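Only one structure is covered here, and it is reproduced in the block below.
The values are calculated or read from the model by the stated rules, or taken from the named source; none is laboratory data. All values reported here derive from a predicted model rather than from experimental measurement. Positions of Cβ are generated from backbone atoms using ideal geometry, with glycine treated the same way; all protein chains shown enter the neighbour counts. Ligands, DNA and RNA are excluded from the accessible area calculation, which covers all protein heavy atoms including side chains. Shrake-Rupley method; radii C 1.70, N 1.55, O 1.52, S 1.80 Å.
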Amino acid sequence: MENTKDIIKKYNIVASKALGQNFLVDKDVVEDILNAAGICEDDLVIEIGPGLGSMTEDIAKRAGRTVAIELDKRLIPVLNTYLFGMNVTIINKDILKVDISKEIIEPYGFKEDGTPYKIKVVSNLPYYITTPIIMKLLEDGIPAELMIFMVQLEVAERMCAVPGTKAYGALSVAIRYYSEPENLFTVFPHSFIPRPGVDSAVVRLELRNKPYCGDVDREIFFKLVKAAFGQRRKTLVNALANSGMFPLNKEQFKDILISMGFDENVRGEKLTIDSFSNLAKKIQLHYNGL
Ligand code: SAM
């Protein structure tokens, strides 16, 4: 396969800003991403946004099977030309509208002998919809073991942040609910054409077999996280009481937090995922009228 710079010239591709197109032209970065994914013949790799195939050919050389979902129809003939004869399926669709179980795992998730592939997701994500894509992949509950994403550095920091830091927020808690995240390395703008206006980073998510918080009600847990970080400058008690999302008043929230060993003026950013989980369980009791 020709390199991405030459493909851009040859096909006169004008990158679409609206589709978040920043094509990776640094082969060392591709190599580092694929090594971090540890791709092998046992894997079905789902690539979101293959673009001009900067990573796809190398993924396909290592994986048992590759399925790539690309929204921009201009790029499909280019991908089909360069990936012809390889074990790659290109789907021309918006990833947010793909039923991953039905359209990817059922048809492509099994080897010829019927045993399932291990599923890995690899993507240099379009930055304009980073969070919706990541959350869809996590919430859909696909049986993936690993996801490797290139995202804006600032988003990588939020994904991997720990309590008490400025970057810690609803995204950090959501990511940890589903996975063990690791910010692997930073990638600078000169590795892309066109160059993005921000630094990027590669994040690795090791998916949990079961959500971290076990039997906690998922809806209440995420409502709580949303309310806690929705009004960051307020104390947690005020943020929760003012959110109108729960059948509890300010005094009841205060009592619960004090019973958990927190100061009544604690802010959401101090709570670990375990504390959010315990708090959600206590709120749950009120729903059950206990
Ligand atoms: N993987 C390529 C690379 O590394 O050079 C391209 C990465 S580029 C940052 C993001 C890619 O995602 C683009 O090819 C873009 O067209 C595609 N894309 C944007 N929105 C999409 C969506 N909703 N569903 C699927 N692909 C999308």
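Give the residues of segment 142-164 that are buried (at least 21 other Cβ atoms within 10 Å of the Cβ), touching a residue at least 24 places away in the same chain (Cβ under 8 Å) and not in a strand (DSSP E or B), sorted by residue number.
Within segment 142-164, 155, 156, 159, 160 meet the criteria.
Condition test on residue 212, is it open to solvent by 60 Å² or more (accessible area, probe 1.4 Å) and within 21 Å of the chain's Cα centre (by Cα)?
yes
Just wondering, is there one or more residues in segment 91-105 that are within 21 Å of residue 151 (Cα to Cα), more than 9 Å from the ligand (Cβ to nearest atom) and open to solvent by less than 10 Å² (accessible area, probe 1.4 Å)?
No, the conditions are met nowhere in segment 91-105.
Residues to consider are 172, 123, 200; find the one that is hydroxyl-bearing (Ser, Thr, Tyr), buried (at least 20 other Cβ atoms within 10 Å of the Cβ) and closer than 17 Å to residue 43 by Cβ.
None of the other options fit; the residue is 123.
Hydrophobic (A, V, I, L, M, F, W, C), open to solvent by 40 Å² or more (accessible area, probe 1.4 Å) and within 16 Å of the ligand (Cβ to nearest atom): which single residue out of 71, 83 fits that description?
Going through 71, 83 in turn, the sole match is 71.
Which one of the conditions (1) within 12 Å of the ligand (Cβ to nearest atom); (2) of a type in the set (Asp, Glu); (3) open to solvent by 60 Å² or more (accessible area, probe 1.4 Å) does residue 57 fail to meet, given that it meets all the rest?
Every listed condition holds for residue 57 apart from (3).
Could you check segment 183-200 and list, in sequence order, the residues that are among the β-branched types (Val, Ile, Thr) and either in a loop (DSSP other than H, G, I, E, B) or free of Cβ contacts under 8 Å to residues at least 60 places away in the same chain (or both)?
186, 198
Determine whether residue 139 is closer than 28 Å to residue 228 by Cα, more than 13 Å from the ligand (Cβ to nearest atom), open to solvent by 60 Å² or more (accessible area, probe 1.4 Å) and modelled with pLDDT under 95.
Numbers: closer than 28 Å to residue 228 by Cα: yes; more than 13 Å from the ligand (Cβ to nearest atom): yes; open to solvent by 60 Å² or more (accessible area, probe 1.4 Å): yes; modelled with pLDDT under 95: yes.
It is true that residue 139 is closer than 28 Å to residue 228 by Cα, more than 13 Å from the ligand (Cβ to nearest atom), open to solvent by 60 Å² or more (accessible area, probe 1.4 Å) and modelled with pLDDT under 95.
Let me confirm something: among 174, 228, 167, which residue is closer than 20 Å to residue 253 by Cα and either part of a helix (DSSP H, G or I) or without any contact (Cβ under 8 Å) to a residue 24 or more places away in the chain (or both)?
Working: 174 fails: closer than 20 Å to residue 253 by Cα; 167 fails: closer than 20 Å to residue 253 by Cα.
Of 174, 228, 167, the one residue that is closer than 20 Å to residue 253 by Cα and either part of a helix (DSSP H, G or I) or without any contact (Cβ under 8 Å) to a residue 24 or more places away in the chain (or both) is 228.
For segment 22-53, give me the residue count where each residue is of a type in the set (Gly, Ala, Ser), open to solvent by less than 10 Å² (accessible area, probe 1.4 Å) and within 12 Å of the ligand (Cβ to nearest atom).
2
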